[in-house]
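Right, one structure below, let's go through it.
The values are calculated or read from the model by the stated rules, or taken from the named source; none is laboratory data. As the structure is a computational prediction, the values presented were derived from the model and not from experiment. All Cβ positions, glycine included, derive from the backbone under ideal geometry; neighbour counts span all protein chains shown.
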Amino acid sequence: MKTESVLEKVLASGQLAVTSECGPPRGAQMNKVKEKAEMLRGCVDGINVTDNQTAMVRMSSLSACIIIKQMGLDPILQMVTRDRNRLAMQSDIIGAYTHGINTMLCLSGDHIHFGDHPMATNVYDLDSVQAIQMVKKMRDEGKFQGGEDINTPPKMFIGAAANPFADPFELRVARLAKKVKAGVNFIQTQCIYNLDKFETWMKGVCDRGLDEKVSILAGITPMKTAGMAKYMKNRVPGMDVPDELIKRMSGVPKEKMAEEGIKIAVESIERLKEVKGVAGFHIMAIEWEQKVHEIVERAGLLPRPQV
């Protein structure tokens, strides 16, 4: 059995890829997963399914991915190393591939203290770079991390995350280089609001030739309100929200803020299209999935390539 990733094909074609995100519900609600995923049909090449995001218990990423796959869509399995050791991770990877899920994202995960179970034990048997190495070994060598052969290796298209804005900024490109060396195929970045700083990071990426070794999808999150912009600036670690953006959002009437947020997202995509090394966009419309189609359309990214 070999299933090929739609995202991989789009990126190989040289066309700009588009992915989005579906946060699973905090209960056994298949209909919630289906509702969110249906909003993304036809406008993205892959749908990330988060893995206990913000360290809060939700339906498993694997379970939600299976639901989305059965809808004829293309899920991207997110897997954090916070909650599982390497045995459990490899088991879930094989299980996912058995269901035709062929694209995944290797993450460390938000620290347990951010969530609703601060008394839980962090696992972190592997970090995100070691997780990439493990998946690559399973795929390319047909070997478990312990060295035994795998019967039918999982041919995963391997992704990871990057935050161009975290401190110290000067080490951000080097951090990406580690993931590239480990074998990652594509990167989805943190939400980009400071476009100048992102462009500086991308120049560093291209100067090292990393853009030729990995596909970088620029992260876009539309703002709903000025309050959301202020919250992300002041309360979300590793986020860089310029004061000008907050001023712009604050300068429109409350009933027009959502439209202004979408306009900013579309303008950002248009500008980032011209940045060397940007291979596509990851649109994280948090609990606002119904706006993704509009953003993709207004940014000139429809129709999606038929691969």
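Step by step: first the residues of the range 114-160, then only those that are among the aliphatic types (A, V, I, L, M) and not in a loop (DSSP other than H, G, I, E, B), then the one that is surrounded by the fewest Cβ atoms within 10 Å (Cβ to Cβ). Which residue is that? The residue in question is V129. Considering the conditions (1) under 22 Å from A279 (Cα atoms); (2) in contact (Cβ under 8 Å) with a residue 24 or more places away in the chain, A174 is excluded by exactly one of them, (2). Taking residues in the range 154-169 that are under 28 Å from K137 (Cβ atoms), and partners anywhere that are basic (K, R) and at pLDDT below 95, the pairs with Cβ atoms closer than 8 Å and at least 6 places apart or on different chains are K155/K2.
Residues V241, V275, V205: which one is in contact with a helix residue (DSSP H, G or I) (Cβ under 6 Å, 6 or more places away or on another chain), among the β-branched types (V, I, T), at pLDDT 95 or above and closer than 23 Å to P305 by Cα?
On inspection, the qualifying residue turns out to be V275.
Name the residues in the range 287-307 that are touching a residue at least 60 places away in the same chain (Cβ under 8 Å) and closer than 24 Å to T225 by Cα, would you? Correct list: E287, W288, E289, Q290, K291, V292, H293, I295, V296, E297. Residues that are out of contact with any strand residue (DSSP E or B) (no Cβ under 9 Å at 6 or more places or on another chain) and surrounded by 22 or more Cβ atoms within 10 Å (Cβ to Cβ) within the range 16-39 are absent altogether. Scanning the range 72-93 for any residue that is closer than 29 Å to K143 by Cβ, modelled with pLDDT of 95 or more and small (G, A, S) turns up at least one such residue. The residue that is farthest from L7 (Cα to Cα), among those in the range 91-113 that are among the aliphatic types (A, V, I, L, M) and buried (at least 17 other Cβ atoms within 10 Å of the Cβ), is I112. Listed conditions (1) in a loop (DSSP other than H, G, I, E, B); (2) charged (D, E, K, R); (3) out of contact with any helix residue (DSSP H, G or I) (no Cβ under 8 Å at 6 or more places or on another chain) are all met by R175, apart from (1).
Determine whether the range 4-15 contains at least one residue that is surrounded by 15 or more Cβ atoms within 10 Å (Cβ to Cβ) and at pLDDT below 95.
The answer is yes, given that some residue of the range 4-15 is surrounded by 15 or more Cβ atoms within 10 Å (Cβ to Cβ) and at pLDDT below 95.
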